[in-house]
Amino acid sequence: MTRKRLLCIAPDDKDTRALLEEAMHDWEIRSVSNLGDAGRELRSDRYLVGLLVHDREQHRPADIDTFLRRHSHMQWVGVFHPRDLESTPCRDLVVEHLCDYHTAPVDPVRLAHTLGHAHGWAMLRGHTNGDSMAGGDPSSPLIGTCDAIGRLRAQVSRVAKVAAPVLIWGESGSGKELTAQAIHAQSDRGAGPFVPINCGAIAPSLIHSELFGYERGAFTGATRGKAGLIESADGGTLFLDEIGDLPKDLQANLLRFLQEKTICRLGSTRNIRVDVRVIAASHVQLQQAVASGAFREDLYYRLAVLPVTVPPLRERRDDLVTLAEHFFHAYASEKSPRLKGFSNRAIEAILDHDWPGNVRELINRVRRALVMSDGRLIMPEDLGLTRAIAAPTPAALDDTRMRSERRALRECLDRSGHNVSRAARDLGVSRTTMYRLLSKHGMRE
């Protein structure tokens with residue numbers, strides 16, 4: 001059986017080390033005395049669990065906060081002196097970053113149980129994330145672990161293996177182009193070009209020449225020939241976004257290309273063979289456009305060989321926090337150095353919002369918050385998500401159930417030392433669901 005591995009950040013003190021080693025006798029331990037050495041170790045090796053023994057003389061809470069945010073993929077257990085927990089910054093560290101904590105002097109038996117539980121939890125989370133990545137590709141642009149994104153990854157994996165046309169449907173801002181990129185990357189054409197075209201963003205008078213190219217003298221100003229976008233995608237994938245906006249006469253030309261795999265430049269009589277895979281996308285239901293006569297039925301059936309549906313963000317509630325944190329780090333260069341992350345109130349506001357603009361709206365709100373936030377943590381108003389205070393309502397028939405639920409939440413939080421992550425595990429719910437319950441009952445942790 002493979003030994004469990006632990007990164008231990010503890011003062012270089014013989015008594016402390018001896019006590020900790022008693023609790024970790026069945027672990028493979030790498031001990032360091034400061035955060036800098038710990039960071040270097042984590043850049044060169046992989047650990048699932050870390051133990052942080054707080055040293056108020058050496059580690060400032062702000063430095064620990066930054067370090068733990070950078071390495072939040074691990075399960076962290078803390079050891080604190082009781083007087084340290086009288087400090088608000090230290091309590092914030094426990095609540096925000098640690099799966100559990102102990103107070104000195106350490107009980108080796110209890111600490112051993114805690115570390116074992118943390119390792120088991122890390123293993124479960126690792127397997128879950130690996131399964132949900134549909135092949136374990138960490139470079140996939142499709143981020144999240146909810147059922148809806150898992151189904152989308154499975155669809156992408158299947159359609160990527162064949163060369164037939166794909167039709168992607170999804171609301172505006174839901175990630176249709178990212179889905180097309182994922183299909184292209186996993187296909188045999190992944191090394192070839194990926195050429196995106198927004199059919200609604202090109203002037204109708206220019207679409208034909210842009211798509212199919214033109215020869216010299218084809219029209220006034222055509223002083224030399226030019227290859228079209230379809231031709232430039234040879235050997236790769238052509239992504240036609242908002243295909244429903246394509247004019248009817250161009251739909252006929254596109255249909256001919258799909259049937260014959262050849263194009264004819266404007267002003268030419270020579271056919272050029274082009275080897276591309278076509279992926280089309282639309283935010284409107286093309287069946288309705290066909291019924292109204294705005295879209296050719298034969299072209300629709302040519303494109304919709306492999307239909308793929310991208311879920312809206314409102315169906316990905318369990319991924320909201322993960323996505324927000326991903327965009328926080330992706331656009332970190334736009335924030336001030338003192339901004340560390342999202343407050344619990346901001347997370348509650350994110351979970352409460354309906355996100356009509358989908359992922360694009362989430363990106364825009366996070367980027368706005370990175371620039372506008374004045375504090376250490378992003379607040380709801382920085383995101384533009386101020387929550388209205390609900391007016392008191394008369395007691396309902398389920399008032400007793402609500403009181404029982406609130407009491408259970410409070411008791412669980414008290415037992416866990418107000419560690420939201422641990423309380424969620426004790427209740428058998430996800431961290432996202434826990435925040436939703438706390439918001440529902442007006443309990444801000």
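What the table below lists for this structure:
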quantity: Candidate set: the range 189-213, residues that are part of a strand (DSSP E or B) and open to solvent by 60 Å² or more (accessible area, probe 1.4 Å); chosen: the one modelled with the highest pLDDT; calculated: P196
quantity: Count of residues meeting criterion [open to solvent by 10 Å² or more (accessible area, probe 1.4 Å), among the acidic types (D, E) and not in a loop (DSSP other than H, G, I, E, B)] in the range 319-359; calculated: 3
quantity: Any hit, the range 271-292, residues being under 30 Å from I347 (Cβ atoms) and either more than 27 Å from the chain's Cα centre (by Cα) or touching a residue at least 12 places away in the same chain (Cβ under 8 Å) (or both); calculated: yes
quantity: Per-region count, the range 269-288, residues in contact with a strand residue (DSSP E or B) (Cβ under 8 Å, 6 or more places away or on another chain) and within 19 Å of I207 (Cβ to Cβ); calculated: 10
quantity: Pairs where the first residue, in the range 251-263, is in a helix (DSSP H, G or I) and the second is of a type in the set (S, T, N, Q), C-beta under 8 Å, 6+ apart; calculated: E260/N271
quantity: Flag for G136 being assigned to a loop (DSSP other than H, G, I, E, B), of a type in the set (G, A, S) and either modelled with pLDDT of 90 or more or more than 22 Å from the chain's Cα centre (by Cα) (or both); calculated: no
quantity: Single residue of the range 224-250 satisfying the filter (touching a Gly at 6+ places or on another chain (Cβ under 6 Å) and either assigned to a helix (DSSP H, G or I) or at negative phi (or both)) that is surrounded by the fewest Cβ atoms within 10 Å (Cβ to Cβ); calculated: A227
quantity: Single unsatisfied condition, R302 versus (1) open to solvent by 30 Å² or more (accessible area, probe 1.4 Å); (2) not in a helix (DSSP H, G or I); calculated: (2)
quantity: Hits in the range 17-66 (condition: open to solvent by 30 Å² or more (accessible area, probe 1.4 Å) and of a type in the set (G, A, S)); calculated: A18, S31, S33, G36, S44, A62
quantity: Hey, V156 in a strand (DSSP E or B), over 20 Å from L286 (Cα atoms) and in contact with a helix residue (DSSP H, G or I) (Cβ under 6 Å, 6 or more places away or on another chain) or not; calculated: no
quantity: Residues being more than 22 Å from Q259 (Cβ to Cβ) and either acidic (D, E) or touching a Pro at 6+ places or on another chain (Cβ under 8 Å) (or both) - total across the range 165-174; calculated: 4
quantity: When residues of the range 383-428 are limited to those that are part of a loop (DSSP other than H, G, I, E, B), closer than 30 Å to A118 by Cα and open to solvent by less than 50 Å² (accessible area, probe 1.4 Å), the one modelled with the lowest pLDDT; calculated: G417
quantity: Top-ranked residue in the range 67-105 [being among the acidic types (D, E) and not in a strand (DSSP E or B); ranked as surrounded by the fewest Cβ atoms within 10 Å (Cβ to Cβ)]; calculated: E86
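The values are calculated or read from the model by the stated rules, or taken from the named source; none is laboratory data. Keep in mind the model is a prediction, meaning the values are calculated, not measured. Here Cβ is always computed from backbone atoms with ideal geometry, including for glycine, and neighbour counts include all displayed protein chains. Surface accessibility is based on the protein's heavy atoms, side chains included, excluding ligands, DNA and RNA. Shrake-Rupley method; radii C 1.70, N 1.55, O 1.52, S 1.80 Å.
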